[in-house]
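Read the structure below first, then the notes.
The values are calculated or read from the model by the stated rules, or taken from the named source; none is laboratory data. All of these numbers come straight from a predicted model, not from anything done at the bench. Backbone-built Cβ (ideal geometry, glycine too); neighbour counts: all protein chains shown.
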């Protein structure tokens with residue numbers, strides 16, 4: 001729940017920021033000076049890129065959460081029983097030891113979104129966030145195909 005509140009707060013703050021920056025951008029463009037126009041255009045384009053990135057992350061989070069809830073309903077969500085460090089992150093050796101099971105499941109059936117999702121969780125536990133996100137994106141894409149839902 002904290003994550004949702006933080007995401008909503010971030011989105012609201014970004015919206016306020018976009019309005020304020022857009023006002024300044026218009027003022028810069030209206031100066032008629034070449035440098036003012038360039039700054040004004042940059043003030044319009046850069047926040048739009050930031051907004052696009054935020055929306056993309058919010059959609060990723062919502063889709064991931066939906067898959068977590070579905071796996072939980074089905075009783076197929078992996079049990080998180082790895083030993084933890086003081087920081088709360090799983091101990092890397094223990095996470096790496098359990099990784100092979102999830103990798104083998106994906107190799108057995110590369111069209112199973114559930115296997116890809118569990119692999120993403122295993123990557124995350126092992127500390128490889130880039131591969132974790134890619135595996136989760138693959139799971140989301142596979143789940144959205146009609147064949148994977150059956």
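Here is a list of conditions, (1) exposed (fewer than 10 other Cβ atoms within 10 Å of the Cβ); (2) touching a strand residue (DSSP E or B) at 6+ places or on another chain (Cβ under 8 Å), and residue 91 meets all of them except one; can you say which number that is? Answer for residue 91: the failing condition is (1). Annotation note: of 64, 138, 145, the sole residue that is assigned by TED's automatic domain parsing to the domain that holds residue 8 and either modelled with pLDDT of 80 or more or under 30 Å from residue 14 (Cα atoms) (or both) is 64.
All conditions but one from (1) touching a helix residue (DSSP H, G or I) at 6+ places or on another chain (Cβ under 6 Å); (2) assigned by TED's automatic domain parsing to the domain that holds residue 142; (3) over 14 Å from residue 138 (Cβ atoms) apply to residue 82; the one that does not is (2).
Residues that are part of a loop (DSSP other than H, G, I, E, B), out of contact with any helix residue (DSSP H, G or I) (no Cβ under 6 Å at 6 or more places or on another chain) and closer than 21 Å to residue 64 by Cβ occur in segment 89-106; there is at least one. For segment 25-39, the count of residues that are exposed (fewer than 12 other Cβ atoms within 10 Å of the Cβ), outside any helix (DSSP H, G or I) and assigned by TED's automatic domain parsing to the domain that holds residue 53 is at least one.
When residue 51 is tested against (1) outside the structural domain of residue 19 (by TED's automatic domain parsing); (2) within 30 Å of residue 20 (Cβ to Cβ), exactly one condition is not met: (1). Scanning segment 113-135 for residues that are at pLDDT 90 or above and surrounded by fewer than 17 Cβ atoms within 10 Å (Cβ to Cβ) yields a total of 4. Among the residues of segment 70-79, those identified as more than 20 Å from the chain's Cα centre (by Cα) and either in a helix (DSSP H, G or I) or under 13 Å from residue 122 (Cβ atoms) (or both) are 73, 74, 79.
Of everything in segment 40-60 that is closer than 27 Å to residue 140 by Cβ and modelled with pLDDT of 90 or more, the residue that is surrounded by the most Cβ atoms within 10 Å (Cβ to Cβ) is 60. Here residue 114 meets the list (1) more than 30 Å from residue 18 (Cβ to Cβ); (2) in contact with a helix residue (DSSP H, G or I) (Cβ under 8 Å, 6 or more places away or on another chain); (3) without any contact (Cβ under 8 Å) to a residue 40 or more places away in the chain; (4) part of a helix (DSSP H, G or I) almost entirely, failing just condition (3).
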